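Rule-based calculations on the coordinates, nothing more; no lab input. Note that this is a predicted model, so its numbers are computed, not measured. Positions of Cβ are backbone-derived with ideal geometry, glycine not excepted, and every protein chain shown enters the neighbour counts.
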Amino acid sequence: MSDVPARDREVVAGAIFRGGRLLLAQRTSPPALAGRWELPGGKVEEFETPQAALARELREELAVEVRCGTRIGVDVQLSAGLVLRAYRAELVSGEPVALDHAQLAWVDAEELLSMDLVDNDRAWIPELLEELRAL
Ligand code: DCP
């Protein structure tokens, strides 16, 4: 037994900005979240870095290659032992397509405010808006 507490497992989400817009993806599951919009991403696997996980998740979900950038916004505690973090993601190649989502949308600052975002991702709205307005 160790006295060192286990580190939280991380869920990573990617903020892809292009041409003054941010990419959002509409969830299909679970039923409580279906139809609501998020920054795409998923759980970091054991022995995987958050950066590698983000690249893998966005490859799987959007068919793109990204370079994981810096953090944006606050940590969101999802449950005991699970924390959600957003990272800027730079598109390296490919055009995003919805392989795992109902649809994708490129939103500007005003549109972001009108989207039905999942509750967790609403925590990032101030920083996302700031970035969109600076573009
Ligand atoms: N989540 C969120 N906001 C995001 C991305 C994820 O609130 N931008 C939440 C939804 C889930 C959890 O994080 O409660 C895990 O996300 P996913 O279900 O998208 O991740 P995985 O596909 O990796 O999960 P699983 O392996 O369970 O299918």
### Task
Can you tell me the 0 to 90 degree angle between the C-alpha axis of helix 125-134 and the longest principal axis of the chain, rounded to 10?
50
#### Entry: Total charge dipole magnitude, the chain, about the Cα centre, Cβ charges on Lys, Arg, Asp, Glu only, Debye to nearest 20
80
### Message
If you average the C-alpha positions of segment 99-135 and of segment 1-48 separately, how far apart do those two centres end up, in angstrom?
### Response
14
